[in-house]
Structure formats: C-alpha cells, structure tokens
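Here the structure comes first, spelled out in structure tokens, and everything after it is commentary.
The values are calculated or read from the model by the stated rules, or taken from the named source; none is laboratory data. Bear in mind that the values here come from a model prediction, so they are computed numbers and not experimental data. Virtual Cβ from ideal backbone geometry, glycine too; neighbours counted across all protein chains shown.
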Amino acid sequence: MTTDTTPHSRAYDLLASVLSNKFEVPAEAIVPTATFEQLDLDSLAVVELFVVLTEELGIEVQDGEADPDLTLAGVADLMVEAVKS
Amino acid sequence: MTGARPDVAVTGIGLVTPAGTGREATWDGVCAGRPTARHVPELKGLPVDFACLVPDFSPRGHVPGSRPWQYDRFTQFALYAALEAVSDAGLDPADWDADRVAVVFGSSAGGTGTMLEQHRKLLEAGTSRVSPLLLPMFLPNMATGQLTIHLRARGPALCTVTACASGATAIGTALQLLRSGACDIAVAGASDAVVQPFWVTGFDRMGALSRRCDDPRAASRPFDADRDGFVMAEGGAALVLEPASAARARGRSGYALLAGYGASSDAHHPVAPDPEGKGAALAVRRALDDAGARPADVQHINAHGTSTPLNDAAEARLIGRLFPHRPSVTSVKGTLGHLLGAAGAVEAAITALSVAHGRVPPVANLEKQEGDAEINAVTGTSREQPVDLALSHSFGFGGHNAVLAFRSCPTEPAREPAAPAPRASGRTP
C-alpha cells in the first residue's frame, strides 16, 4: 500500500470481478479503457455498480462523476480516492 | 355474429413451476401427482416453514440474452415462460409484425422480494445503499414491460392484478383483445415469486395456510376432508394466443381453442368466498355463454381447489350444483401448491394440455372427500378421457372470479388429396 499503483490495481481487480460476476459483462470486454457505454451499461446500471462497489468496499464511492465517458481505469481511480478520504 | 368472431387457438405454452423448469417437466410432474412441497431454510422458525419452490432455476441458463440481475425473480419466471411459449408456437419475434403483438401478464405482488430487501437496506444503511433498480424490479407491471422489450412487442401491453385470479384475468383479457382486433398475437400469462417470510406470515396470520409442518408433502390436499389450508408456491406460465385461422395458415393447429371467458365479482367479503357461490357461478355461466356451450357439454373442470376449508367447500358445492352430470375435476395445487397470481395461468396451460392429450392429472393427496359435496375428482393416477370442452376456475382475494373455457381444436383438414376419410371422426371441423 505504499505505491500509487498497488491500490489502483487492487481497485481495478475488484471492479473487474464485480463487473464479471454480478453484472455479467463478458471478460474480454473488461479493459481499462472501456466505457460504460461500450459495456452496454445504462445510467441505472452504472448507479447500481456504484452501490455494489460501496457495499464491497464498506465506504461510499460517489457516483456523481460517473459520466458516459468515464473509463474503468477512471472508476478505479474514484475507488482509490474513496478509500483515501 | 358468430361468423365475425375469430376462433382463438392456444399455439404455445411455457411453464416454470415447482415441478420443474419447462412445459414437459410441469406436465409430467402434475400427471404423476408428485407433491413438491418441502421445508424451506429461509422460513425456518416460522409457524409455517414449508412451501413449493421452483427447483434449480438458473436465470443465467434459462433466460438467454438477458442480464438477470436487472430482474426480480417474478420477471425472470415471466421471461422464461414467455420465451418458451413463443418458441413452442414456432414464432420468431424477429419476424413478426411487432405493432400487432400484445402482452398481457399478471402478478399478485410484483417484485416484493426486491422491495423488502431494499427497504431493509434503507433502514440499516441509508439511502445511498438503495438500488436504483428498485422500481424497475419491483413494479408489478415490469414483467410485462420487460416482456415487450424481449419479445419486441409494441401492441397493447397490460398487467392484470386480481390476486389469485390474475393469470386467468390476463388470458381472458388477451382473448378479448384478439377478438376486438387490437392485435394479431397475444402472449398472456402470469408469474409470482413471494415465498418469503413476510408473505408467508401474512397469509398465515389470516389462517389461510396449511400448518402441516411435520409432513409438507401431504399438506396441499384439495377437496380432501383433512385439508387445513393452502401451500405457497412460485413460478410462472405463458400462453401464445392467435386466431386459429392464422395458426392453420402456418401449419399449426394448437393445443386447444380458448373458446370463452367469464368474469365476475362476489361483492361479498374481501377474502372469504361467498358460500353460495353466486359470483363464481356467474363467471362460469358467462364463460359457457361466451363459448356457446351449455353446462352439460363440460367434460372436465380444472378447479381452483386451493386446499383451504372455505374455498374447496364452496367450489365443490358450486360444481355439484351447476354440473350434475359429474364431469371430471382436478386441482393441480395438490402437486404444485398455490402459485397465487400465476396459478390461473399455470392451470389454463394444464387445462389446454388436458384437452390436447386427452389426459387429466390427479389431485395429489386427495384421499377422502367430505360426504355432502362429493365431486368426480381424479385421484391416484392421471385419467385418460376425451376432453372436448373444459373449464379452468380461478378465484382471487377481493372477490375476483375468472373462468376460462377451452375446446378441442377441430380436426385438421387433409392437406394432401387422399383416400376418402373415415366418417366416424367424432368431431366437426
């Protein structure tokens, strides 16, 4: 937990796991540059994703910044920020 | 005006019930009369700790192309049943005129499993833990709405809520839509998934449920003298309805004709049946009139038969009074339990299958009837008999009565020039 990359990669792995297991997104589609639109997740599904991430992490991950162009790498950043704050 | 009204055929059936996922599994289960009630871990410690659950239902495997996490279980059942029915009818939503396809689907309660879970989260963790899918998963009309999307159906879409008559009301309403010219195809049925402590407690507090916790398989025993209440169940059923002429043009005759629908209200009591059965009798007469039939024509009745003392006594008296010629009677609730809003749709499907196969499933657990209202119930094993006209009864809390009449399909006219047909066909096309 001393470098910038470890929390990010851990967050990304959790995100990828949730997308695959709960949201049934095909594994091959889960890449850091993918957007929600590319994953065929509508606005309600995106809010649902943030609810699930909040439950998984035990702290609130804000969904206010979840714009259509947000990438999965960007979501991992929001998760890391939530843990820090 | 009989010439102006199209005959409507049941050309597809989909079923997901405690006897299994799929039409064949349910038909085999009810014909075998194998009770499906069992102890349910989630109900442990309650005064009633058993029910009939759909075994091994995997939405991922059974609802292709969908994302089941977006749907409450009642919608998953609706999707499965409707997709099976449409496939069974030999129809492909990619090919049909979407504007002319109606969906009429009932439910007594909608996605209350989702509602209760999200309410718990609201109270325990606050608003940010509440799913944005709460309403799309909970609203009772959402099974209908999701079906229109998956089936690409842009015709009239309705959700019927008449408690335990919801499924029969949906199918009867679909019949009326087809006859009115509002659609060319209707997918109609119902689903429910409320085997939860909250609902079980509610029904038990009314005294409606069997408390035979030491022997769940013997608990649902319609028309038996020792019955003590109904057994909760879950599942769904769908029928594809279309004008018989359109079906024939596609080379399909269908399982049966949906020949009549009768609806009425008891106007008597919120939940107790009118002991004289006036409202129920009115629905029966209306269904028969609608089908152009007389009581004496009825060969079989798929009864509501819940296994509650009040319903079965009133229904047995009704059957005895209206049908002194003693048609065969069954209630599949002995096998499946009471699927609540879905029950009428499941039983309509079973009635259509009885017409098609000339076979009536037994009333599971019926060993001894009450002496003063004995009906010609099928017991033990299924009975083979011709069924040219059958009724399916559904009665719901609120005093809703819905009765469907099914006729056998006319013998198909020969497609190829052939030798003269034998004269003794028994049916007129």
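Of the residues in the range B:124-131, not one is away from chain A (no Cβ under 14 Å), assigned to a loop (DSSP other than H, G, I, E, B) and either surrounded by fewer than 19 Cβ atoms within 10 Å (Cβ to Cβ) or under 22 Å from the mean Cα position of the chain (by Cα) (or both).
Highlighted here are the helices (runs of 4 or more DSSP H) found entirely within the range B:132-227 that include at least 2 residues which are in contact with a Phe, Trp or Tyr (Cβ under 6 Å, 6 or more places away or on another chain) and at negative phi: B:142-151, B:166-180. Just one of the listed residues (A:GLU28, A:GLU56, A:GLU60) is modelled with pLDDT under 90 and more than 11 Å from chain B (Cβ to nearest Cβ), namely A:GLU56. Going by the structure shown, is B:ALA373 in contact with a Ser or Thr (Cβ under 7 Å, 6 or more places away or on another chain) and over 17 Å from B:CYS31 (Cα atoms)? When the stated conditions are applied, B:ALA373 does not pass them. Out of the residues in the range A:31-53 that are outside any loop (DSSP other than H, G, I, E, B) and not aliphatic (A, V, I, L, M), state the one that is nearest to the other protein chains (Cβ to nearest Cβ). Applying the filter and picking the extreme gives A:GLU48. Summed over the range B:378-388, residues that are surrounded by fewer than 24 Cβ atoms within 10 Å (Cβ to Cβ) and among the hydrophobic types (A, V, I, L, M, F, W, C) total 1.
Residues that are surrounded by fewer than 19 Cβ atoms within 10 Å (Cβ to Cβ) and out of contact with any helix residue (DSSP H, G or I) (no Cβ under 8 Å at 6 or more places or on another chain) were ranked within the range B:149-176; the one that is nearest to the other protein chains (Cβ to nearest Cβ) is B:ILE149. Residues in the range B:64-93 that are at pLDDT below 95 and farther than 30 Å from B:LEU209 by Cβ: B:PRO64, B:GLY65, B:SER66, B:ARG67, B:TRP69, B:GLN70. Looking only at residues in the range B:1-43 that are assigned to a loop (DSSP other than H, G, I, E, B) and in contact with a strand residue (DSSP E or B) (Cβ under 6 Å, 6 or more places away or on another chain), the one that is farthest from B:ALA89 (Cα to Cα) is B:VAL40. With respect to being surrounded by fewer than 20 Cβ atoms within 10 Å (Cβ to Cβ) and either over 25 Å from B:CYS409 (Cβ atoms) or not aliphatic (A, V, I, L, M) (or both), B:HIS338 falls outside the description.
Across the range B:69-112, the number of residues qualifying as out of contact with any strand residue (DSSP E or B) (no Cβ under 8 Å at 6 or more places or on another chain), surrounded by 19 or more Cβ atoms within 10 Å (Cβ to Cβ) and not aliphatic (A, V, I, L, M) comes to 8.
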